[in-house]
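The structure appears below as structure tokens.
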């Protein structure tokens with residue numbers, strides 16, 4: 001977070017994390033589209049990845065005006081250095097999981113990668129605001145939420161169901177991570 005005491009503003013960094021093709025970029029594109037914001041992205045061979053975008057949501061917390069800068073990380077393993085770099089200074093994470101049964105192992109692996117990425121910067125999954133989004137709830141092989149909660153959400157974080165391509169659950173996920181971040185910031189102000 002970047003705090004400007006003179007202007008009573010604080011900027012928080014939110015990163016959408018998770019396996020390749022789970023819907024991270026789709027979420028951020030939906031958020032940007034709703035707010036008529038431009039995004040900066042690049043296409044890789046396997047997926048489109050937004051490394052940085054200036055989509056902002058502004059909220060009041062006490063005397064401070066809070067804004068949120070949203071990033072996504074590439075999910076492919078060959079881009080792990082970029083992912084680690086983007087995670088620097090993260091204030092909150094949306095972990096986007098693909099609900100498909102065939103992606104269960106990869107989702108579980110990326111929860112462990114998330115923990116490793118946070119550890120690089122002295123953070124833990126326990127102390128970092130994180131929301132799990134179960135995306136692609138509309139696919140035929142989507143696992144029941146109970147199974148995903150048991151198998152993927154081993155870190156016990158709040159979760160949201162989504163169909164990001166249709167915009168379903170996208171705003172709810174963003175609202176939930178913003179609430180988690182602001183709650184933590186509010187505790188710091190006391």
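Can you run down the residue pairs with Cβ atoms below 8 Å, 6 or more apart or on separate chains, where the first is in the stretch 126-147 and on the phi > 0 side of the Ramachandran plot and the partner is outside any loop (DSSP other than H, G, I, E, B) and surrounded by 23 or more Cβ atoms within 10 Å (Cβ to Cβ)?
Close Cβ pairs (under 8 Å, with a partner that is outside any loop (DSSP other than H, G, I, E, B) and surrounded by 23 or more Cβ atoms within 10 Å (Cβ to Cβ)) amount to 136/98; 136/164.
Please pick out the residue among 150, 88 that is free of Cβ contacts under 8 Å to residues at least 12 places away in the same chain, out of contact with any helix residue (DSSP H, G or I) (no Cβ under 9 Å at 6 or more places or on another chain) and more than 13 Å from residue 23 (Cα to Cα).
150
Would you point out which residue out of 124, 128 is exposed (fewer than 12 other Cβ atoms within 10 Å of the Cβ) and either within 12 Å of residue 96 (Cβ to Cβ) or at pLDDT 95 or above (or both)?
Answer to the selection: 124.
Considering only the stretch 106-128, state which residues are out of contact with any strand residue (DSSP E or B) (no Cβ under 6 Å at 6 or more places or on another chain) and assigned to a helix (DSSP H, G or I).
If the condition is that a residue be out of contact with any strand residue (DSSP E or B) (no Cβ under 6 Å at 6 or more places or on another chain) and assigned to a helix (DSSP H, G or I), then 106, 108, 109, 110, 111, 112, 113, 115, 116, 117, 118, 119 are the ones that fit.
How about the stretch 145-172: which of its residues are under 18 Å from residue 103 (Cβ atoms), within 14 Å of the chain's Cα centre (by Cα) and part of a helix (DSSP H, G or I)?
164
Return the residue satisfying two criteria in turn: it lies in the stretch 11-46 and is in a loop (DSSP other than H, G, I, E, B) and modelled with pLDDT under 75, and of such residues it is farthest from the chain's Cα centre (by Cα).
45
Could you please give the count of residues in the stretch 55-105 that are within 20 Å of residue 189 (Cβ to Cβ) and out of contact with any strand residue (DSSP E or B) (no Cβ under 8 Å at 6 or more places or on another chain)?
Count: 2.
Residue 133: closer than 25 Å to residue 10 by Cβ and out of contact with any strand residue (DSSP E or B) (no Cβ under 6 Å at 6 or more places or on another chain), yes or no?
no
The values are calculated or read from the model by the stated rules, or taken from the named source; none is laboratory data. As the structure is a computational prediction, the values presented were derived from the model and not from experiment. Here Cβ is always computed from backbone atoms with ideal geometry, including for glycine, and neighbour counts include all displayed protein chains.
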